[in-house]
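Encoded as structure tokens, the structure appears first; notes follow it.
The values are calculated or read from the model by the stated rules, or taken from the named source; none is laboratory data. Only a predicted model underlies this, so the values are computations on that prediction, with no experimental measurement involved. So basically every Cβ, Gly included, is an ideal-geometry build from the backbone, and we count neighbours across all protein chains shown.
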Number of protein chains: 2
Amino acid sequence: MALSVVRTAAALRALLAPWRREGTRIGLVATLGALHRGHAVLVERALAACERVVVSVFVNPTQFAPHEDFARYPRTEAADAALLERVDAHVLYAPAVEEIYPPGDATRVTVSGLTEPLEGAIRPHFFAGVATVCARLFCQVQPDVTVFGEKDYQQLLVVRRMARDLGLGVEVIGVPTVREPDGLALSSRNAYLSAAERAAAPALHRTLQEVAAGLRDGAAMAALRPDAVRGLVAAGFSEPDYLDLRDAETLAPRDRLDGAPARLLVAARLGATRLIDNIPVQRA
Amino acid sequence: MALSVVRTAAALRALLAPWRREGTRIGLVATLGALHRGHAVLVERALAACERVVVSVFVNPTQFAPHEDFARYPRTEAADAALLERVDAHVLYAPAVEEIYPPGDATRVTVSGLTEPLEGAIRPHFFAGVATVCARLFCQVQPDVTVFGEKDYQQLLVVRRMARDLGLGVEVIGVPTVREPDGLALSSRNAYLSAAERAAAPALHRTLQEVAAGLRDGAAMAALRPDAVRGLVAAGFSEPDYLDLRDAETLAPRDRLDGAPARLLVAARLGATRLIDNIPVQRA
């Protein structure tokens, strides 16, 4: 089946209506485009759960602050479509901004609590933008399943909470982060890195692994953090925005492993590029 | 067809799924219960547009402030069910609070602009509660059409904007206010009025008609308001929270009729009971 490219909510609705009437399960992978192998894995996961998979490509203005990289965010639609054909996605939904934010738009979807620490503390606009665009995409697509990468771990939790709270009837599946052989998490923003920065970038994941090993040996974050930060800075990163151990469900701060699922999360700049990463940590 | 009473989102989904698969048009009338003849007219309007009509009865906690009448709001489910059977509604959806607000709920839907004047200025919590509960009910029911009374005119505009902005694909129909023979707008809160208050209450609608006549004669709100307020107070009302002429679409303040559709809106207390009303006004 060839990839269908649709650009309006009305065309999308018309395409999906007969599938829905037949009881076909529909999956959605919501992306900002600039698709890479990590996105391909998300599509494969959706295909494993659903007969039909829609991939949205929409650089969502409301999740970028004025000083952020909305304008220069990579837009590569022809390459995106080629990738989606290779992985057998069924629909590429590439709406214009007005299809998601109609003229006079005044409605926002917000999630409290989960959105406040970590990315929310650094990018206060971010999660209202994410929750708002995902609510709209979920309303337009009405998917049975949607798949998000764990690379944006807090986003995964926020979207899952929002979908449950609004009663959207969509299962939100998380997929482990896909990495380069040297450990760097795949991200569309890796394209911003110079060759030297690219060489330094794996220190982010390596630091997470080292801190995780320390935690599993019984050390506390408070004891491990200073060396880890020094290591990141020595590798060329900024002081991190955060390097935190958090409860894997609630994101409540933790200082040590105590047997409950936890997540180790980091964000730091490498030159002009802000990178984030996270890994699960559990006592051995 | 007998009235089906369902109390969970899952039971509702199961009941509606086959109708949806057959392409049956579904209408929703969202209410707080304590149904009266005004609600019956909303159901009749929905039946004119749809083959199946769901009426939700849910006293929504998030649209009441702590000092308001959530606890004493009239709850009359047996009488509500009897009325819905008489008017041939198909489904009474009476969810428990946890069906709409799951434990740990953290998501709110907000609409800016339209929600700020009038009721929004007096009841700052109100429209976030309304938009949030309506978004959830629309997600659960996925109606083709929903019908709201013009009695809560600002609410009608807010719900219509929210549904459009989120792309919920539901048509929001407004129905003219149903009134007692003496002009009092039907409202579940009229049950709070003493006999003496009930006798005084029609002054609210009469005042709107008198101001509208003055506007049609070319007078300005600023000139008409003082006498109108005096009349309301003489009839036993409080100073009104507002007595305003507004653009019928944007709710922007207006001082005179200029040919564009306008709305004259009022809110005032009669004893402990807050009453609202509004009428359309257009130059003759």
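Observations on the structure shown:
- Condition check for A:L157: under 27 Å from A:R283 (Cβ atoms) and assigned by TED's automatic domain parsing to the domain that holds A:T62: yes
- The set of residues from region A:243-268 being at pLDDT 95 or above, surrounded by fewer than 16 Cβ atoms within 10 Å (Cβ to Cβ) and either in contact with a Gly (Cβ under 6 Å, 6 or more places away or on another chain) or not β-branched (V, I, T) (or both) comprises A:D247, A:E249, A:A252, A:P253, A:D255, A:R256, A:P261.
- Residue in region B:167-174 that is within 15 Å of B:E119 (Cβ to Cβ) and in contact (Cβ under 8 Å) with a residue 12 or more places away in the chain present: no
- Region A:233-284 - residue that is free of Cβ contacts under 8 Å to residues at least 60 places away in the same chain and at positive phi and, of those, farthest from the chain's Cα centre (by Cα): A:G259
- So A:D105, is it of a type in the set (D, E, K, R) and under 18 Å from the mean Cα position of the chain (by Cα): no
- Selected residue [under 20 Å from the mean Cα position of the chain (by Cα), among the β-branched types (V, I, T) and buried (at least 18 other Cβ atoms within 10 Å of the Cβ)] from B:T177, B:T207: B:T177
- Considering residues of region B:3-12 that are in a helix (DSSP H, G or I) and surrounded by 14 or more Cβ atoms within 10 Å (Cβ to Cβ) only, the residue nearest to the other protein chains (Cβ to nearest Cβ): B:A9
- Region A:146-177: number of residues that are among the acidic types (D, E) and within 13 Å of chain B (Cβ to nearest Cβ): 1
- In the condition set (1) part of a helix (DSSP H, G or I); (2) over 29 Å from A:C139 (Cβ atoms); (3) free of Cβ contacts under 8 Å to residues at least 60 places away in the same chain, B:R75 is compliant with all but (1).
- Qualifying residue in region A:178-193 (condition: modelled with pLDDT of 95 or more and within 14 Å of chain B (Cβ to nearest Cβ)): no
- Test for B:R198: is it more than 15 Å from the chain's Cα centre (by Cα), surrounded by 14 or more Cβ atoms within 10 Å (Cβ to Cβ), without any contact (Cβ under 8 Å) to a residue 60 or more places away in the chain and farther than 15 Å from B:L232 by Cβ: yes
- Looking across region A:254-284 at every residue that is in contact with a strand residue (DSSP E or B) (Cβ under 6 Å, 6 or more places away or on another chain) and of a type in the set (D, E, K, R), the one that is farthest from A:E197 (Cα to Cα) is identified as A:R254.
- Of all residues in region B:13-31, those satisfying the criterion of being modelled with pLDDT under 95 and part of a loop (DSSP other than H, G, I, E, B) are B:E22, B:G23.
- Top-ranked residue of region A:32-69 - restricted to ones that are free of Cβ contacts under 8 Å to residues at least 40 places away in the same chain, within 20 Å of the chain's Cα centre (by Cα) and assigned to a strand (DSSP E or B), ranked as surrounded by the fewest Cβ atoms within 10 Å (Cβ to Cβ): A:V57
- Failed item in (1) over 21 Å from B:G27 (Cβ atoms); (2) within 19 Å of the chain's Cα centre (by Cα), with B:Y93 passing the rest: (1)
- Among the residues of region B:100-145, the ones that are at the interface with chain A (Cβ under 8 Å from one of its Cβ atoms) and either of a type outside the set (S, T, N, Q) or farther than 27 Å from B:Y242 by Cα (or both) come to 18 in all.
- Screening A:R75, A:R37, A:R45 for residues that are out of contact with any helix residue (DSSP H, G or I) (no Cβ under 8 Å at 6 or more places or on another chain), within 26 Å of A:G120 (Cα to Cα) and assigned by TED's automatic domain parsing to the domain that holds A:Q142 leaves exactly one candidate, A:R75.
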